[in-house]
Structures are given as structure tokens and as C-alpha cells.
Amino acid sequence: MISSNRFIIAFGGPKGVGKSTLLQNLILHYPHVQVVPVGRELNRLAQSKFHKSFLRISIKERLRVRLSLAHRIIKKRGSVILDMHFGEFEDEGYPCSIPSMLRKRITHCILIIASPEIILKRRQLRVCSSRLDMTSIVLNIDGERAIFQELVKRYKLPGLMVKNENRRKCILDLKKYFKRIGII
């Protein structure tokens, strides 16, 4: 049974916490929910419009790309999960910020966290451009948590913080949450 409610869920966390992997597993149970990998889509749109990666285009061009992605997400039918970093909500200082027209439509925030040691192990296992020192990982975790808390408070959004140290348990927790909010 598919809920008649439309959800736009911001699904974020620090780099290397396992957001995309969790979503790949979770979406098998919810094929009617669409996942939008925000960073990947911004790069794809920048390449198609300007033949450069998102971070290599001008600020004015970035705004056009972000608005284009926001319009595409808003036009989608059914529920959408945004696979992202919560830093993408920042208006200043973060190149991938999400336009307010989309930010205002987000219905739920989910933060995935793990210990710095687990994130470091995951980053070491795959070729990754992220820094591999414990200090930058701790700062990334703290930053994502602070932005998540601010979003939940400022926009009065339901928020869920889930530890991803045991993938099966994390998926079960997310499925329970989805059932509770009506994504059956």
C-alpha cells in the first residue's frame, strides 16, 4: 500500500557514514520512493549545461543549476529522498546549498551518524577524495549534527538521528520510522 501523502525527506550525514549504501538497501523495500543523489545530480546538470563539474562553474551558474535541480525535484510525483549532506542547506559558504523553494517543502530530516573510527575504516576501504584524518572526520560529524539540529528546530521538522554501526539494525530502525510516518 502506498501512502497518499507526499514526502520529501532530507537524508544526510557525514561523508563515509554509509548513506548511499543504506538507501540502496532500503529502497528495495520502497520501490515507489525515488532517491535523488543531490551532489551527483548537481554535477550531472553542470556538465550538461556548462561542460564543467559543479565546483568549477561560476557562482551565478551554480545558482542556475541548483534552481534547475530544485524544480526537477518539486515536479517529481510521489515521495522523494534527498541523499545529501546537511551542509547543502547552508545559504552561505557551501557551494551546493539548496534553494529555499525546495527547503520549504522538505517534510522530514534523517541524520545518519557513526563513530569517527567506523567512518575512518569505511573511507580507508574505498578510494575516496575525503580526508582520512580523525580531526576532519570529527569536525564533519559535528557540523552535520549541528546543521541537522538547526534545521529540525528552525523549520519545525520531524527529525530522526540513526547510528549506522550495524547496517541491519539501522535499516530496521529506518523501516520502522517509514512505517510510522506513512511510507508503507
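Laboratory data are not the source of any read-out in this text; all were calculated from the coordinates shown. Just so it is clear, the model here is predicted, and its values are computed rather than measured. We place every Cβ from the backbone using ideal geometry, glycine too, and count neighbours over all the protein chains shown.
Select from segment 97-184 those trypsin sites (Lys or Arg not before Pro) which occupy a DSSP coil region and have at most 14 other Cβ atoms within 10 Å, ordered by residue number. Show your work: numbers first, answer last.
Working: sites: Arg103, Lys104, Arg105, Lys121, Arg122, Arg123, Arg126, Arg131, Arg145, Lys153, Arg154, Lys156, Lys163, Arg167, Arg168, Lys169, Lys175, Lys176, Lys179, Arg180; in loops: Lys104, Arg105, Arg126, Arg131, Lys156.
The qualifying sites are Lys104, Arg105, Arg126, Arg131, Lys156.
Residues His51, His108, His71, ranked from the fewest to the most other C-beta atoms within 10 Å, line up as His51, His71, His108. Here are some pairs, Lys19/Lys176; Lys15/Lys163; Lys75/Lys163; Lys19/Lys179; which of them have Cα atoms lying more than 22 Å apart in this structure? Where the Cα-Cα span goes over 22 Å, the pairs concerned are Lys75/Lys163.
Spacing of the modelled spin labels on Ile27 and Ile59, each 7 Å from Cα toward Cβ, amounts to 3.3 nm. Here Lys76 is the anchor, and the lysines within straight C-alpha reach of less than 18 Å, apart from those fewer than 8 places off in the same chain, are Lys104.
When only the Cβ of Lys, Arg, Asp and Glu is charged (+1, +1, -1, -1), the dipole of the chain relative to its Cα centre reaches about 660 debye.
Exposed loop sites are taken as GluC sites (Glu not before Pro) in a DSSP loop (any state but H, G, I, E or B) with at most 15 other beta carbon atoms within 10 Å; the longest stretch of the chain without one runs 1-91.
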